[in-house]
Amino acid sequence: MTPLRRRLAPLCAAVLVLVTLTACSTPEPDETANALAAELTAGALTAVPSTESPDLATMFGGLAEADRTVTLLEWRIDEEDADLAHIDLEWTWDVVGHEWTYTTAAQAVWAEDAWTVQWDPAIVHPAAQADSVFEVSRTRPDDRAEIVSPTSGALVTSRAVYNIGVDKTFVTDAEAQRAAAIELAEGLGFEDPESYAARVEAAGERAFVLAVTVRQEDAAAWNVEELRQIEGVNAVSATAQLGPSSRFAGPRGGGRGGGPPPRQL
């Protein structure tokens, strides 16, 4: 009987080691990533572990009742940190019969036997901040409404702007993208350039990560042409419904030096 027992002992030890190693491995975050997309579509985070419990209904604002679909594009484990997952999402909204689609990025951290979403308003929209709320402006083609004054003409009307940010299709190397983000944020006077660089890093590989929107008439004051010379930076021409100046109707957000970057100036 003794020889038989000696032969079985190593086999039992091997089985125990195998079980121990399997139990210690980190599971894939696909279940959390899919649940995040589903709950964002539903409009509330209820079961997905998250660092915050965001009030999505308030954030959605004028789009709270609009049909939306949030689709998981992909998830991937960070190359340097096996307990960090990057999640790419695609948002599709039905805005008054028009489809509006864009992509966002989220992160999840493995801790205490669960993948926990690191909540950031930019999960909802790349330009969103803590107090952002969606607003819907209904206009008719070629008949855009204005807010006018009987003495001063148009107060709020369509004005030319530049959307300035890092375009990850311009530079594909991660270090170059980070360098562009830091240089741009410092050029804009951001108090925390690292925060913007982190947003660029977390965004999809072909993302345009908005830093700030400025009026084209203020381009010289914001050194837009110099910012354009930063490798990886793009200044996209667009229009926005704005007042006659950045001071019209009071402040619109944080200043250049403190807090998050303003969305429009």
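The values are calculated or read from the model by the stated rules, or taken from the named source; none is laboratory data. Keep in mind the model is a prediction, meaning the values are calculated, not measured. In this analysis, Cβ positions are derived from the backbone assuming ideal geometry, glycine residues included, and neighbour counts consider all displayed protein chains.
Below, the figures for the structure above:
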read-out	value
Inter-residue pairs, beta-carbon under 7 Å, first outside any helix (DSSP H, G or I) and in region 57-71, second loosely packed, with under 14 Cβ neighbours inside 10 Å, 6+ apart	Ala64/Ala57; Ala66/Asp94; Asp67/Asp94
Selection count where residues are within 19 Å of Glu99 (Cβ to Cβ) and either assigned to a strand (DSSP E or B) or not aliphatic (A, V, I, L, M) (or both), scope region 27-56	2
Residue match in region 129-145 (condition: closer than 30 Å to Glu28 by Cα, surrounded by 13 or more Cβ atoms within 10 Å (Cβ to Cβ) and at pLDDT 85 or above)	yes
Residues that are of a type in the set (Gly, Ala, Ser) and buried (at least 21 other Cβ atoms within 10 Å of the Cβ), drawn from region 203-225	Ala203, Ala207, Ala211
Single unsatisfied condition, Ala82 versus (1) surrounded by fewer than 14 Cβ atoms within 10 Å (Cβ to Cβ); (2) more than 20 Å from Ala203 (Cα to Cα)	(2)
Failed item, numbered, when Ala66 is tested on (1) within 21 Å of Ala127 (Cβ to Cβ); (2) surrounded by 15 or more Cβ atoms within 10 Å (Cβ to Cβ)	(2)
Residue within region 25-47 that is surrounded by fewer than 10 Cβ atoms within 10 Å (Cβ to Cβ) and at pLDDT below 85 present	yes
Residue tally, condition outside any strand (DSSP E or B) and surrounded by 12 or more Cβ atoms within 10 Å (Cβ to Cβ), over region 97-123	6
Hits in region 38-56 (condition: of a type outside the set (Ser, Thr, Tyr), touching a strand residue (DSSP E or B) at 6+ places or on another chain (Cβ under 6 Å) and under 15 Å from Trp93 (Cα atoms))	Leu40
